[in-house]
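Beneath this line is the structure, given in C-alpha coordinates, with notes to follow.
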Amino acid sequence: MSKKTTGYILLITVALASIITLLYEFNIVAVPASVMVAVRWVTAAVLLMNALVRRNLTTWILTCMIWGIFVGLDFPNAARALQPLSQGFIKLVKTIVGPILFSTLVFGIAGHSDLKQVGRMAWKSMLYFFCATTCAIFIGLGAINLTRAGVGIDIEHMPHEELPQTSALSDADKVALEHIDESAHWLFKFSTFFRDTFPENIVKSIYENKVLQIVVFAVIFGIGLAMVEEKKRKPLVDFTESLSEAMFKFTNLVMLFAPIGVGAAMAYTVGHLGVDILKNLFMLLATLYLALICFLLLVLLPVALYLKIPVKQFVNAIKEPVSIAFATTSSDAALPKAMSAMEKFGVPRRIVSFVIPTGYSFNLDGTSLYLSLASIFVAQAAGIHLSFGQQLMIAFTLMITSKGVAAVPRASLIVLIATADQFGLPVFVIAAILGIDELMDMARTSVNVIGNCLATVVVAKWEGDFDEAAPFRVDTDEDGIKEIAEVIEEGPENETRS
(Lines give C-alpha, C1' and ligand atoms only; values in the text may rest on other atoms or scores of the structure.)
Protein backbone atom coordinates (compact mmCIF):
# COMPACT_ATOMS: atom_id res chain seq x y z
CA MET A 1 0.00 0.00 0.00
CA SER A 2 1.32 3.44 -0.91
CA LYS A 3 2.13 6.16 1.65
CA LYS A 4 -0.50 8.43 0.10
CA THR A 5 -3.30 5.84 0.44
CA THR A 6 -2.25 5.03 3.99
CA GLY A 7 -2.24 8.73 4.83
CA TYR A 8 -5.82 9.14 3.60
CA ILE A 9 -6.99 6.11 5.60
CA LEU A 10 -5.24 7.47 8.71
CA LEU A 11 -6.78 10.93 8.26
CA ILE A 12 -10.32 9.55 7.89
CA THR A 13 -9.89 7.17 10.85
CA VAL A 14 -8.53 9.86 13.18
CA ALA A 15 -11.29 12.31 12.15
CA LEU A 16 -14.05 9.76 12.84
CA ALA A 17 -12.43 8.70 16.13
CA SER A 18 -12.18 12.35 17.25
CA ILE A 19 -15.85 13.00 16.48
CA ILE A 20 -17.01 9.88 18.35
CA THR A 21 -14.76 10.78 21.32
CA LEU A 22 -16.23 14.31 21.51
CA LEU A 23 -19.77 12.92 21.38
CA TYR A 24 -18.89 10.51 24.20
CA GLU A 25 -17.03 12.99 26.45
CA PHE A 26 -19.70 15.69 26.28
CA ASN A 27 -22.61 13.18 26.56
CA ILE A 28 -24.14 14.39 23.31
CA VAL A 29 -24.80 10.80 22.24
CA ALA A 30 -24.88 7.75 24.49
CA VAL A 31 -21.87 5.83 23.22
CA PRO A 32 -21.19 2.52 25.03
CA ALA A 33 -17.79 2.19 26.65
CA SER A 34 -17.14 -0.98 24.63
CA VAL A 35 -17.59 1.03 21.42
CA MET A 36 -15.00 3.56 22.63
CA VAL A 37 -12.53 0.73 23.28
CA ALA A 38 -13.13 -0.58 19.76
CA VAL A 39 -12.66 2.92 18.29
CA ARG A 40 -9.35 3.31 20.11
CA TRP A 41 -7.92 0.02 18.92
CA VAL A 42 -9.11 0.40 15.34
CA THR A 43 -7.28 3.74 15.36
CA ALA A 44 -4.25 2.03 16.91
CA ALA A 45 -4.26 -0.61 14.14
CA VAL A 46 -4.38 2.07 11.42
CA LEU A 47 -1.53 3.97 13.12
CA LEU A 48 0.53 0.78 13.21
CA MET A 49 -0.14 0.16 9.51
CA ASN A 50 0.92 3.74 8.73
CA ALA A 51 4.16 3.30 10.70
CA LEU A 52 4.95 0.03 8.89
CA VAL A 53 4.45 1.71 5.52
CA ARG A 54 6.45 4.87 6.29
CA ARG A 55 9.29 3.10 8.17
CA ASN A 56 10.36 6.38 9.76
CA LEU A 57 11.68 6.65 13.33
CA THR A 58 9.68 9.79 14.13
CA THR A 59 6.48 8.12 12.91
CA TRP A 60 7.22 5.08 15.07
CA ILE A 61 7.83 7.28 18.13
CA LEU A 62 4.52 9.15 17.69
CA THR A 63 2.66 5.89 16.97
CA CYS A 64 4.02 4.18 20.07
CA MET A 65 3.22 7.28 22.12
CA ILE A 66 -0.46 6.99 21.14
CA TRP A 67 -0.41 3.22 21.65
CA GLY A 68 0.93 3.92 25.14
CA ILE A 69 -2.03 6.22 25.87
CA PHE A 70 -4.50 3.53 24.73
CA VAL A 71 -2.78 0.82 26.78
CA GLY A 72 -2.84 3.12 29.82
CA LEU A 73 -6.57 3.75 29.39
CA ASP A 74 -7.71 0.17 28.75
CA PHE A 75 -5.08 -1.88 30.59
CA PRO A 76 -3.87 0.31 33.48
CA ASN A 77 -2.28 -2.53 35.47
CA ALA A 78 -0.27 -3.73 32.48
CA ALA A 79 0.64 -0.10 31.70
CA ARG A 80 2.07 0.47 35.17
CA ALA A 81 4.11 -2.71 34.77
CA LEU A 82 5.76 -1.26 31.64
CA GLN A 83 7.55 1.51 33.54
CA PRO A 84 10.91 -0.38 33.61
CA LEU A 85 11.04 -0.19 29.80
CA SER A 86 10.88 3.63 29.86
CA GLN A 87 13.37 3.73 32.73
CA GLY A 88 15.69 1.45 30.78
CA PHE A 89 15.55 3.73 27.74
CA ILE A 90 16.37 6.81 29.80
CA LYS A 91 19.26 4.98 31.51
CA LEU A 92 20.61 3.96 28.11
CA VAL A 93 20.45 7.54 26.84
CA LYS A 94 22.14 8.86 29.98
CA THR A 95 25.22 6.80 29.11
CA ILE A 96 25.60 9.09 26.07
CA VAL A 97 25.35 12.44 27.83
CA GLY A 98 28.71 12.62 29.66
CA PRO A 99 30.96 11.39 26.81
CA ILE A 100 29.15 13.42 24.12
CA LEU A 101 29.28 16.65 26.14
CA PHE A 102 32.94 16.22 27.04
CA SER A 103 34.13 15.22 23.56
CA THR A 104 32.18 17.81 21.56
CA LEU A 105 33.04 20.69 23.89
CA VAL A 106 36.75 19.88 24.09
CA PHE A 107 37.01 19.37 20.33
CA GLY A 108 34.99 22.54 19.68
CA ILE A 109 37.37 24.62 21.82
CA ALA A 110 40.78 22.97 21.35
CA GLY A 111 40.19 21.89 17.75
CA HIS A 112 39.98 25.47 16.59
CA SER A 113 42.20 27.13 19.21
CA ASP A 114 40.14 30.30 18.95
CA LEU A 115 39.64 31.23 22.59
CA LYS A 116 38.25 34.66 21.70
CA GLN A 117 35.41 32.99 19.81
CA VAL A 118 34.60 30.84 22.85
CA GLY A 119 34.38 33.99 24.97
CA ARG A 120 32.10 35.65 22.41
CA MET A 121 29.82 32.61 22.31
CA ALA A 122 29.65 32.59 26.11
CA TRP A 123 28.45 36.18 26.60
CA LYS A 124 26.11 36.07 23.59
CA SER A 125 24.56 32.83 24.83
CA MET A 126 24.10 34.16 28.37
CA LEU A 127 22.53 37.38 27.13
CA TYR A 128 20.03 35.47 25.00
CA PHE A 129 19.30 33.00 27.82
CA PHE A 130 18.60 35.82 30.29
CA CYS A 131 16.22 37.60 27.91
CA ALA A 132 14.33 34.40 27.01
CA THR A 133 13.86 33.15 30.58
CA THR A 134 12.80 36.62 31.77
CA CYS A 135 10.08 36.69 29.10
CA ALA A 136 8.99 33.20 30.17
CA ILE A 137 8.69 34.28 33.81
CA PHE A 138 6.53 37.30 32.98
CA ILE A 139 4.26 35.24 30.71
CA GLY A 140 3.83 32.68 33.50
CA LEU A 141 2.95 35.38 36.04
CA GLY A 142 0.54 37.03 33.61
CA ALA A 143 -1.21 33.75 32.75
CA ILE A 144 -1.84 32.61 36.34
CA ASN A 145 -3.01 36.08 37.44
CA LEU A 146 -5.36 36.20 34.45
CA THR A 147 -6.96 32.77 34.91
CA ARG A 148 -6.66 32.74 38.73
CA ALA A 149 -6.67 28.95 38.49
CA GLY A 150 -5.84 28.47 42.17
CA VAL A 151 -8.68 30.62 43.56
CA GLY A 152 -11.50 28.52 45.01
CA ILE A 153 -9.61 25.23 44.71
CA ASP A 154 -10.92 22.58 47.11
CA ILE A 155 -7.62 21.41 48.59
CA GLU A 156 -9.15 18.46 50.45
CA HIS A 157 -10.32 16.77 47.24
CA MET A 158 -7.10 17.26 45.33
CA PRO A 159 -4.88 14.18 44.92
CA HIS A 160 -2.36 14.01 47.74
CA GLU A 161 0.83 12.03 47.43
CA GLU A 162 3.87 11.78 49.63
CA LEU A 163 6.36 14.52 48.84
CA PRO A 164 9.93 13.72 47.83
CA GLN A 165 12.26 13.95 50.81
CA THR A 166 14.66 16.54 49.50
CA SER A 167 16.49 19.71 50.28
CA ALA A 168 18.33 22.21 48.16
CA LEU A 169 21.09 22.29 50.79
CA SER A 170 23.44 19.58 52.05
CA ASP A 171 23.66 18.75 55.76
CA ALA A 172 27.00 20.61 55.98
CA ASP A 173 25.41 23.71 54.43
CA LYS A 174 22.55 23.57 56.95
CA VAL A 175 25.07 23.55 59.79
CA ALA A 176 26.88 26.50 58.21
CA LEU A 177 23.60 28.41 57.92
CA GLU A 178 23.06 28.12 61.68
CA HIS A 179 26.08 30.39 62.19
CA ILE A 180 24.96 32.97 59.62
CA ASP A 181 22.40 35.70 60.26
CA GLU A 182 19.06 35.10 58.48
CA SER A 183 19.47 38.31 56.51
CA ALA A 184 22.47 36.77 54.71
CA HIS A 185 20.96 33.31 54.11
CA TRP A 186 20.00 34.20 50.54
CA LEU A 187 23.59 35.18 49.77
CA PHE A 188 24.92 31.88 51.15
CA LYS A 189 22.40 29.86 49.10
CA PHE A 190 23.25 31.88 46.00
CA SER A 191 26.95 31.22 46.58
CA THR A 192 26.39 27.46 46.94
CA PHE A 193 24.96 27.41 43.43
CA PHE A 194 28.24 28.70 41.99
CA ARG A 195 30.27 26.38 44.23
CA ASP A 196 28.30 23.36 43.01
CA THR A 197 29.00 24.18 39.36
CA PHE A 198 32.62 23.06 39.86
CA PRO A 199 33.29 19.30 39.85
CA GLU A 200 35.43 17.71 42.55
CA ASN A 201 35.69 14.54 40.44
CA ILE A 202 34.80 14.49 36.74
CA VAL A 203 34.04 10.74 36.82
CA LYS A 204 31.62 11.32 39.70
CA SER A 205 30.01 14.22 37.80
CA ILE A 206 29.48 12.03 34.73
CA TYR A 207 28.12 9.21 36.93
CA GLU A 208 25.63 11.59 38.60
CA ASN A 209 24.82 13.30 35.28
CA LYS A 210 25.73 16.75 36.57
CA VAL A 211 25.45 18.54 33.22
CA LEU A 212 26.75 21.90 34.40
CA GLN A 213 29.79 20.37 36.13
CA ILE A 214 30.66 18.38 32.99
CA VAL A 215 30.38 21.55 30.90
CA VAL A 216 32.62 23.56 33.27
CA PHE A 217 35.29 20.82 33.33
CA ALA A 218 35.18 20.36 29.53
CA VAL A 219 35.45 24.11 28.88
CA ILE A 220 38.43 24.54 31.22
CA PHE A 221 40.08 21.38 29.88
CA GLY A 222 39.49 22.53 26.29
CA ILE A 223 41.00 25.95 27.00
CA GLY A 224 44.02 24.32 28.65
CA LEU A 225 44.44 21.94 25.71
CA ALA A 226 44.21 24.85 23.25
CA MET A 227 47.19 26.45 25.01
CA VAL A 228 49.38 23.36 24.48
CA GLU A 229 51.72 23.27 21.46
CA GLU A 230 50.32 21.67 18.30
CA LYS A 231 52.43 18.48 18.45
CA LYS A 232 51.21 17.53 21.93
CA ARG A 233 47.66 18.82 21.44
CA LYS A 234 46.84 16.89 18.26
CA PRO A 235 46.49 13.33 19.74
CA LEU A 236 43.91 14.45 22.32
CA VAL A 237 42.03 16.62 19.80
CA ASP A 238 41.87 13.67 17.38
CA PHE A 239 40.68 11.43 20.21
CA THR A 240 37.85 13.78 21.19
CA GLU A 241 36.82 14.15 17.55
CA SER A 242 36.71 10.36 17.12
CA LEU A 243 34.83 9.97 20.42
CA SER A 244 32.19 12.55 19.44
CA GLU A 245 31.67 10.88 16.04
CA ALA A 246 31.35 7.46 17.69
CA MET A 247 28.86 8.78 20.25
CA PHE A 248 26.64 10.24 17.53
CA LYS A 249 26.59 6.82 15.82
CA PHE A 250 25.92 5.24 19.22
CA THR A 251 22.97 7.62 19.55
CA ASN A 252 21.48 6.37 16.28
CA LEU A 253 21.60 2.81 17.62
CA VAL A 254 20.06 3.76 20.97
CA MET A 255 17.27 5.70 19.28
CA LEU A 256 16.06 2.52 17.60
CA PHE A 257 14.76 1.63 21.09
CA ALA A 258 13.07 5.05 21.47
CA PRO A 259 9.58 3.98 20.26
CA ILE A 260 9.40 1.26 22.93
CA GLY A 261 10.76 3.51 25.67
CA VAL A 262 8.45 6.40 24.73
CA GLY A 263 5.39 4.16 24.42
CA ALA A 264 6.06 2.59 27.81
CA ALA A 265 6.50 6.05 29.39
CA MET A 266 3.13 7.21 28.07
CA ALA A 267 1.40 3.97 29.10
CA TYR A 268 2.73 4.31 32.65
CA THR A 269 1.73 7.98 32.88
CA VAL A 270 -1.89 7.38 31.82
CA GLY A 271 -2.18 4.09 33.72
CA HIS A 272 -0.79 5.64 36.91
CA LEU A 273 -2.68 8.95 36.85
CA GLY A 274 -5.80 8.08 34.84
CA VAL A 275 -7.78 10.72 32.96
CA ASP A 276 -9.91 11.94 35.87
CA ILE A 277 -6.96 13.94 37.16
CA LEU A 278 -7.34 16.22 34.14
CA LYS A 279 -10.84 17.14 35.31
CA ASN A 280 -9.71 17.86 38.90
CA LEU A 281 -6.94 20.29 37.94
CA PHE A 282 -7.94 21.24 34.40
CA MET A 283 -7.55 24.99 34.95
CA LEU A 284 -3.97 24.69 36.20
CA LEU A 285 -3.01 22.31 33.42
CA ALA A 286 -4.71 24.41 30.72
CA THR A 287 -3.13 27.61 32.05
CA LEU A 288 0.34 26.10 31.80
CA TYR A 289 -0.17 24.74 28.28
CA LEU A 290 -1.71 28.01 27.05
CA ALA A 291 1.10 30.03 28.65
CA LEU A 292 3.73 27.83 27.01
CA ILE A 293 1.98 28.19 23.63
CA CYS A 294 1.93 31.97 24.12
CA PHE A 295 5.65 31.90 24.88
CA LEU A 296 6.32 29.93 21.69
CA LEU A 297 4.17 32.25 19.56
CA LEU A 298 5.03 35.59 21.18
CA VAL A 299 8.74 35.10 21.96
CA LEU A 300 10.39 32.25 20.09
CA LEU A 301 8.47 32.58 16.80
CA PRO A 302 9.19 36.33 16.42
CA VAL A 303 12.88 35.65 17.14
CA ALA A 304 12.93 33.00 14.42
CA LEU A 305 11.10 35.24 11.93
CA TYR A 306 13.32 38.25 12.70
CA LEU A 307 16.46 36.20 12.06
CA LYS A 308 14.87 34.69 8.92
CA ILE A 309 15.13 31.14 10.22
CA PRO A 310 13.07 28.76 8.02
CA VAL A 311 10.35 27.85 10.55
CA LYS A 312 8.95 24.81 8.72
CA GLN A 313 12.38 23.25 8.31
CA PHE A 314 13.25 24.07 11.94
CA VAL A 315 10.09 22.31 13.16
CA ASN A 316 10.93 19.26 11.06
CA ALA A 317 14.45 19.23 12.49
CA ILE A 318 13.37 19.31 16.15
CA LYS A 319 10.20 17.20 16.05
CA GLU A 320 12.00 14.00 17.03
CA PRO A 321 13.96 15.30 20.08
CA VAL A 322 10.89 17.25 21.22
CA SER A 323 8.61 14.20 20.98
CA ILE A 324 11.16 12.20 23.01
CA ALA A 325 11.37 14.98 25.63
CA PHE A 326 7.55 15.18 25.79
CA ALA A 327 7.07 11.46 26.41
CA THR A 328 10.01 10.82 28.74
CA THR A 329 9.86 14.20 30.59
CA SER A 330 13.65 14.21 30.47
CA SER A 331 15.81 16.67 28.55
CA ASP A 332 18.67 14.17 28.84
CA ALA A 333 16.80 11.73 26.62
CA ALA A 334 16.51 14.37 23.90
CA LEU A 335 20.00 15.88 24.17
CA PRO A 336 21.95 13.67 21.71
CA LYS A 337 19.26 13.90 19.02
CA ALA A 338 18.86 17.65 19.58
CA MET A 339 22.60 18.18 19.07
CA SER A 340 22.79 16.08 15.91
CA ALA A 341 19.58 17.67 14.54
CA MET A 342 20.93 21.20 14.98
CA GLU A 343 24.22 20.23 13.38
CA LYS A 344 22.33 18.91 10.33
CA PHE A 345 20.25 22.10 10.37
CA GLY A 346 23.38 24.15 9.67
CA VAL A 347 24.78 25.10 13.09
CA PRO A 348 28.53 24.35 13.44
CA ARG A 349 29.38 21.63 15.94
CA ARG A 350 31.51 23.95 18.09
CA ILE A 351 28.43 26.17 18.64
CA VAL A 352 25.99 23.29 19.15
CA SER A 353 28.32 21.60 21.64
CA PHE A 354 28.65 24.82 23.67
CA VAL A 355 25.15 26.36 23.54
CA ILE A 356 22.90 23.33 24.10
CA PRO A 357 24.71 21.92 27.18
CA THR A 358 25.00 25.43 28.67
CA GLY A 359 21.35 26.08 27.87
CA TYR A 360 20.38 22.93 29.79
CA SER A 361 21.46 24.79 32.91
CA PHE A 362 20.74 28.43 32.08
CA ASN A 363 18.03 28.48 29.39
CA LEU A 364 15.15 26.68 31.07
CA ASP A 365 12.32 28.56 29.35
CA GLY A 366 9.60 26.01 30.08
CA THR A 367 10.78 25.37 33.64
CA SER A 368 11.05 29.09 34.46
CA LEU A 369 7.53 29.70 33.17
CA TYR A 370 6.17 26.73 35.11
CA LEU A 371 7.85 27.72 38.38
CA SER A 372 6.51 31.28 38.28
CA LEU A 373 3.04 29.99 37.44
CA ALA A 374 3.02 27.13 39.98
CA SER A 375 4.28 29.25 42.89
CA ILE A 376 1.47 31.78 42.46
CA PHE A 377 -1.05 28.93 42.01
CA VAL A 378 0.02 27.52 45.39
CA ALA A 379 -0.49 30.92 47.04
CA GLN A 380 -3.92 31.33 45.38
CA ALA A 381 -5.05 27.86 46.46
CA ALA A 382 -4.00 28.56 50.06
CA GLY A 383 -5.72 31.96 50.05
CA ILE A 384 -2.44 33.91 50.43
CA HIS A 385 -2.46 37.32 48.73
CA LEU A 386 0.86 38.27 47.13
CA SER A 387 1.68 41.73 45.83
CA PHE A 388 3.24 42.07 42.39
CA GLY A 389 6.63 42.78 44.01
CA GLN A 390 6.39 39.63 46.11
CA GLN A 391 5.45 37.61 43.04
CA LEU A 392 8.46 38.92 41.15
CA MET A 393 10.78 38.12 44.04
CA ILE A 394 9.51 34.53 44.19
CA ALA A 395 9.77 34.10 40.42
CA PHE A 396 13.34 35.38 40.12
CA THR A 397 14.45 33.40 43.17
CA LEU A 398 13.06 30.24 41.59
CA MET A 399 14.80 31.06 38.31
CA ILE A 400 18.17 31.16 40.10
CA THR A 401 17.59 28.04 42.20
CA SER A 402 16.36 26.02 39.21
CA LYS A 403 19.65 26.12 37.30
CA GLY A 404 20.88 22.71 36.21
CA VAL A 405 17.70 20.73 36.93
CA ALA A 406 16.10 20.45 33.49
CA ALA A 407 17.65 17.08 32.68
CA VAL A 408 15.96 15.32 35.64
CA PRO A 409 12.24 14.43 35.47
CA ARG A 410 10.20 16.42 38.02
CA ALA A 411 13.29 18.12 39.47
CA SER A 412 11.53 21.48 39.10
CA LEU A 413 8.91 20.25 41.58
CA ILE A 414 11.74 19.54 44.02
CA VAL A 415 13.02 23.10 43.55
CA LEU A 416 9.50 24.40 44.20
CA ILE A 417 9.30 22.41 47.45
CA ALA A 418 12.76 23.52 48.59
CA THR A 419 11.88 27.19 48.02
CA ALA A 420 8.36 27.12 49.52
CA ASP A 421 9.44 27.51 53.15
CA GLN A 422 11.44 30.64 52.35
CA PHE A 423 8.28 32.47 51.24
CA GLY A 424 5.77 30.85 53.59
CA LEU A 425 4.00 28.82 50.88
CA PRO A 426 2.17 25.72 52.19
CA VAL A 427 3.94 22.53 51.14
CA PHE A 428 0.75 20.41 51.28
CA VAL A 429 -0.61 22.32 48.25
CA ILE A 430 2.52 21.42 46.32
CA ALA A 431 1.80 17.79 47.24
CA ALA A 432 -1.51 18.14 45.38
CA ILE A 433 0.28 19.42 42.27
CA LEU A 434 2.45 16.30 42.35
CA GLY A 435 -0.53 14.34 41.03
CA ILE A 436 -0.40 16.05 37.64
CA ASP A 437 3.22 17.13 37.63
CA GLU A 438 4.18 14.49 35.07
CA LEU A 439 1.61 15.86 32.61
CA MET A 440 2.95 19.38 33.17
CA ASP A 441 6.55 18.18 32.98
CA MET A 442 5.92 16.87 29.45
CA ALA A 443 5.11 20.35 28.15
CA ARG A 444 7.73 22.35 30.02
CA THR A 445 10.52 19.90 29.12
CA SER A 446 9.51 20.09 25.45
CA VAL A 447 9.69 23.89 25.54
CA ASN A 448 13.12 23.68 27.22
CA VAL A 449 14.36 21.60 24.28
CA ILE A 450 12.77 23.89 21.67
CA GLY A 451 14.26 26.97 23.33
CA ASN A 452 17.75 25.48 23.45
CA CYS A 453 17.61 24.31 19.83
CA LEU A 454 16.57 27.81 18.72
CA ALA A 455 19.33 29.32 20.87
CA THR A 456 21.98 27.46 18.86
CA VAL A 457 20.66 28.98 15.62
CA VAL A 458 20.49 32.45 17.20
CA VAL A 459 24.13 32.29 18.34
CA ALA A 460 25.24 30.82 14.99
CA LYS A 461 23.49 33.65 13.13
CA TRP A 462 24.99 36.18 15.53
CA GLU A 463 28.46 34.71 14.90
CA GLY A 464 27.86 34.68 11.13
CA ASP A 465 28.55 30.92 11.01
CA PHE A 466 25.12 29.55 10.09
CA ASP A 467 24.90 27.41 6.94
CA GLU A 468 21.85 28.94 5.22
CA ALA A 469 21.55 26.10 2.69
CA ALA A 470 21.65 23.23 5.22
CA PRO A 471 17.96 23.38 6.32
CA PHE A 472 16.85 22.83 2.72
CA ARG A 473 19.09 19.83 2.00
CA VAL A 474 17.30 16.48 1.72
CA ASP A 475 18.70 13.87 4.08
CA THR A 476 17.94 10.49 2.56
CA ASP A 477 18.94 8.63 5.74
CA GLU A 478 17.72 10.97 8.43
CA ASP A 479 17.82 8.48 11.29
CA GLY A 480 20.91 6.56 10.18
CA ILE A 481 18.80 3.39 9.84
CA LYS A 482 20.06 2.54 6.34
CA GLU A 483 23.66 3.05 7.42
CA ILE A 484 23.17 0.78 10.44
CA ALA A 485 21.53 -1.89 8.29
CA GLU A 486 24.39 -1.77 5.76
CA VAL A 487 27.04 -2.13 8.47
CA ILE A 488 25.21 -5.10 9.99
CA GLU A 489 24.75 -6.74 6.58
CA GLU A 490 28.25 -6.13 5.21
CA GLY A 491 30.18 -6.27 8.44
CA PRO A 492 32.79 -3.76 9.62
CA GLU A 493 35.63 -5.52 7.76
CA ASN A 494 33.93 -5.20 4.37
CA GLU A 495 33.17 -1.56 5.11
CA THR A 496 36.86 -0.93 5.86
CA ARG A 497 38.07 -2.60 2.70
CA SER A 498 35.63 -0.63 0.54
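The values are calculated or read from the model by the stated rules, or taken from the named source; none is laboratory data. Remember, predicted model here, so these are calculated numbers, not experimental data. Cβ placement follows ideal geometry from the backbone for every residue including glycine, while neighbour counts extend to all protein chains displayed. Ligands, DNA and RNA are excluded from the accessible area calculation, which covers all protein heavy atoms including side chains. Shrake-Rupley method; radii C 1.70, N 1.55, O 1.52, S 1.80 Å.
Only one entry in Phe75, Phe70, Phe26 is surrounded by 15 or more Cβ atoms within 10 Å (Cβ to Cβ), among the aromatic types (Phe, Trp, Tyr) and at negative phi, namely Phe70. Under 8 Å between Cβ atoms, which residue pairs at least 6 apart in sequence (or on different chains) link something in segment 122-141 that is among the hydroxyl-bearing types (Ser, Thr, Tyr) with a partner that is open to solvent by 30 Å² or more (accessible area, probe 1.4 Å)? That search, which allows pairs on different chains as well, returns Ser125/Phe362; Thr133/Phe362. Of all residues being farther than 22 Å from Ala333 by Cβ and out of contact with any Leu (no Cβ under 7 Å at 6 or more places or on another chain) in segment 48-62, which is most open to solvent (accessible area, probe 1.4 Å)? Just the residue, please. Residue satisfying both the conditions and the ranking: Arg55. If I filter segment 318-340 for residues that are touching a helix residue (DSSP H, G or I) at 6+ places or on another chain (Cβ under 9 Å), at pLDDT 85 or above, among the basic types (Lys, Arg) and surrounded by 20 or more Cβ atoms within 10 Å (Cβ to Cβ), do I get at least one hit? Looking for residues that are touching a helix residue (DSSP H, G or I) at 6+ places or on another chain (Cβ under 9 Å), at pLDDT 85 or above, among the basic types (Lys, Arg) and surrounded by 20 or more Cβ atoms within 10 Å (Cβ to Cβ), one finds at least one in segment 318-340, hence yes. When Ser103 is tested against (1) touching a residue at least 40 places away in the same chain (Cβ under 8 Å); (2) open to solvent by 60 Å² or more (accessible area, probe 1.4 Å), only condition (2) is not met. Can you confirm whether Gly68 is touching a residue at least 40 places away in the same chain (Cβ under 8 Å), under 14 Å from Ile324 (Cα atoms) and small (Gly, Ala, Ser)? The answer is yes for Gly68.
In segment 343-369, the residues that are under 15 Å from Val459 (Cβ atoms) form Cβ pairs under 6 Å with partners that are among the charged types (D, E, K, R) and not in a helix (DSSP H, G or I), at six or more places apart or across chains, as follows: Gly346/Asp467; Pro348/Asp465. Number of residues in segment 204-259 that are of a type in the set (Val, Ile, Thr), without any contact (Cβ under 8 Å) to a residue 60 or more places away in the chain and touching a Phe, Trp or Tyr at 6+ places or on another chain (Cβ under 8 Å) equals 1. Of the residues making up segment 109-118, at least one is in contact with a Gly (Cβ under 6 Å, 6 or more places away or on another chain), under 30 Å from Lys234 (Cβ atoms), in contact (Cβ under 8 Å) with a residue 60 or more places away in the chain and surrounded by 15 or more Cβ atoms within 10 Å (Cβ to Cβ). Say whether the condition of being open to solvent by 10 Å² or more (accessible area, probe 1.4 Å), in a loop (DSSP other than H, G, I, E, B), modelled with pLDDT under 65 and in contact with a Ser or Thr (Cβ under 8 Å, 6 or more places away or on another chain) is met by at least one residue in segment 410-426. Scanning segment 410-426, I find at least one residue that is open to solvent by 10 Å² or more (accessible area, probe 1.4 Å), in a loop (DSSP other than H, G, I, E, B), modelled with pLDDT under 65 and in contact with a Ser or Thr (Cβ under 8 Å, 6 or more places away or on another chain), so the answer is yes.
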